1. Does residue 116 qualify as being in a loop (DSSP other than H, G, I, E, B), among the small types (Gly, Ala, Ser), in contact with a strand residue (DSSP E or B) (Cβ under 9 Å, 6 or more places away or on another chain) and within 16 Å of the ligand (Cβ to nearest atom)?
2. Of all the residues that make up the stretch 235-252, how many are crowded, with 24+ Cβ neighbours inside 10 Å and either of a type in the set (Gly, Ala, Ser) or closer than 20 Å to residue 161 by Cα (or both)?
3. Is there any pair with a first residue in the stretch 113-125 that is in contact (Cβ under 8 Å) with a residue 24 or more places away in the chain and a second that is assigned to a strand (DSSP E or B) and of a type in the set (Ser, Thr, Tyr) whose Cβ atoms are under 6 Å apart and which are 6 or more apart or on different chains, and what are they?
4. In the stretch 249-276, which residues are more than 19 Å from residue 210 (Cβ to Cβ) and either aliphatic (A, V, I, L, M) or within 16 Å of the ligand (Cβ to nearest atom) (or both)?
5. Tell me, which residue of the stretch 37-55 that is among the charged types (D, E, K, R) and in a strand (DSSP E or B) is nearest to residue 262 (Cα to Cα)?
6. Just checking, which of 96, 102 is within 16 Å of the ligand (Cβ to nearest atom), touching a residue at least 12 places away in the same chain (Cβ under 8 Å) and either under 21 Å from residue 145 (Cβ atoms) or not in a loop (DSSP other than H, G, I, E, B) (or both)?
7. Whether any residue in the stretch 234-253 is more than 30 Å from residue 154 (Cα to Cα), of a type in the set (Asp, Glu) and not in a loop (DSSP other than H, G, I, E, B) is what I want to check.
8. Could you tell me which numbered condition residue 253 fails, if it satisfies all but one of (1) within 26 Å of residue 143 (Cβ to Cβ); (2) over 17 Å from the mean Cα position of the chain (by Cα)?
Amino acid sequence: MADTRIERIHAAADFISKRIGGAEPLVGIVLGSGLGVLAEQIDNKIVLPYRDVPGFPASTAIGHKGNFIFGTISGKPVIAMQGRFHYYEGYTMELVTIGIRVMKVLGIKYLFVSNASGGCNPAYRVGDLVIITDHINMLINPLIGPNMDEFGPRFPDMTCAYDHQLIALAEKVSAELGIVPRRGIYCAGSGPSYETPAEVRFYHAVGADLVGMSTIPEVIVARHCGLPVFGMSVVTNVSNMTTESKVLNDGDDVVRAADAAAAGMSAIFRKMIENL
Ligand code: HPA
């Protein structure tokens, strides 16, 4: 029997492929909250709103636009997702991750992901850029359900979810740019409520430096289909460790802080892509 999930992926990929003249992007990029600015720096842009792509919902989260953008960065063909689908918006995990498999079918060889997060490592400050080295998944696993054998194995390994060579390249180009990103472990829960201070202390105690509501489903699906992944987070707020904290979490502040850090992250992504 035909797998409707796979049919949806191929229908979307065929649609995009026709619109980009059959071109093969080298890098797929997922741009999170406030970080859509990198999309503006893509040359020879072809913009495809999600609502036009068969099977795609329109993205609704604040700070998120909803477009695929195909074009070039430093002459290299890329496809960016300007805005992502979050589980907290009520989408199924199939839809939260569909873009990754669509980009895989289009031919990407690398996936770059970005997000905004709370710093649950007390040393972290608003605006810090953090290279994600590993993750702790507190969301449901996006691979639950019949395995899509065409994409990868039933039980994919996650030992090296974030590619070591891409991390080394990020540190090299950051040094050239005079930026010093941190390295950290990202934990994602479903949201949309922010964490309680007890949850923040728990996440930090088990090894998390960052906490957010996205990215891990996309990374798991990318690793399932063998894509090397690079992930970077911008700390948009310092997580509250006690119930006495006076600075409350706020979605608009998160978007503003992400906007302020977008230039640095964009510069790192651009220079990495130049070097691929
Ligand atoms: N928690 C979860 N998600 C987030 C946060 C946070 O503090 N900041 C930005 N996204």
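1. Details: in a loop (DSSP other than H, G, I, E, B): no; among the small types (Gly, Ala, Ser): yes; in contact with a strand residue (DSSP E or B) (Cβ under 9 Å, 6 or more places away or on another chain): yes; within 16 Å of the ligand (Cβ to nearest atom): yes.
The answer is no for residue 116.
2. So the count comes out to 1.
3. So the pair list comes out as 115/233; 116/236; 117/233.
4. Residues satisfying the conditions are 252, 263, 267, 272, 273, 276.
5. Pass one, the stretch 37-55, residues among the charged types (D, E, K, R): 40, 43, 45, 51-52.
Filter once more, so that each one left must be in a strand (DSSP E or B): 43, 45.
Working: 43: 18, 45: 19 Å.
By that ranking, first place goes to 43.
6. Values: 102 fails: within 16 Å of the ligand (Cβ to nearest atom).
Going through 96, 102 in turn, the sole match is 96.
7. Step one: list which residues in the stretch 234-253 are more than 30 Å from residue 154 (Cα to Cα), which gives 234-253.
Imposing the further condition that a residue be of a type in the set (Asp, Glu) reduces the set to 244, 250, 252-253.
Filter once more, keeping what is not in a loop (DSSP other than H, G, I, E, B): 252-253.
Yes, the stretch 234-253 contains at least one residue that is more than 30 Å from residue 154 (Cα to Cα), of a type in the set (Asp, Glu) and not in a loop (DSSP other than H, G, I, E, B).
8. (1)
The values are calculated or read from the model by the stated rules, or taken from the named source; none is laboratory data. Keep in mind that this is a model prediction, so the values were computed, not measured. Counting neighbours? That spans all protein chains shown, and the Cβs are built from the backbone with ideal geometry, glycine included.
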